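Let me begin by presenting the structure, written as structure tokens, before commenting on it.
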Amino acid sequence: MTSRARMPALDLFLGLAAATGLVSVGVASAQAGGGSFLADVFASPASTTIALDLLVLGVAVVVWVVVEAHRLGMRRPWLWAVLAVPLPGAFVVPLFLLLRERRLRA
């Protein structure tokens, strides 16, 4: 009888979060108007507040991700900063956390 290795619950959650982030943000951005996107982002004080909050948070998270990947000896830690530009943070951050957890267990 062969035993199957079970995926830890945290890995499953992070994988689902990454997939959900990629699909949900991808669908929403496909519906956003191309040229009017930045105008929409800064259309009101509320949307400007959220956009700037996410931007500052995103920069801090990207710095932490690169430093943490380097600290753990993960290959090409700078690649996370590159991926953060075209891909949604709702995908990149859970994906990094998933790979980080696997690295910590190894």
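Since every read-out is calculated from the coordinates, none of them should be taken as a lab result. Worth saying up front: this structure is predicted, and the values here are computed from it rather than measured. We place every Cβ from the backbone using ideal geometry, glycine too, and count neighbours over all the protein chains shown.
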Can you give the calculated 222 nm mean residue ellipticity of the chain, where each DSSP H run of n ≥ 4 adds -39,500 (n - 2.57) and the sum is split over every residue, rounded to the nearest 500 deg cm²/dmol? -24000 deg cm²/dmol
Value in Å of the Kirkwood radius, where segment 47-93 supplies the Cα pairs that are averaged: 11.2
Counting Lys and Arg as +1 and Asp and Glu as -1, what is the net charge of the other residues whose Cβ lies under 12 Å from the Cβ of Leu97? 0
What base-10 log of the normalised intensity I(q)/I(0) is obtained for the chain from the Debye formula, alpha carbons as equal point scatterers, at q = 0.12 Å⁻¹? -0.52
Sort out for me the Cα centre separation of segment 60-80 from segment 9-30, rounded to whole Å. 20
Place a +1 charge on the Cβ of each Lys and Arg in segment 4-103 and a -1 charge on the Cβ of each Asp and Glu, then give the dipole magnitude about the Cα centre in debye, rounded to the nearest 20. 620
Using the 10 angstrom Cβ neighbour count as an exposure proxy, how do Val23, Val65 rank, fewest first? Val23, Val65
Please find the FRET efficiency linking Ala60 to Arg6, where r is the Cβ-Cβ separation and R0 is fixed at 35 Å, and quote it to the nearest 0.05. 0.55
Charge dipole (segment 38-106, unit charges on Cβ, about Cα centre) - positive-most of Leu98, Leu57, Ala81: Leu98
In whole Hz, the Karplus estimates of ³J(HN,Hα) for segment 89-95 (6.51, -1.76, 1.60; θ = phi - 60°; x where Gly or Pro) are x, 5, 9, 5, 5, x, 5
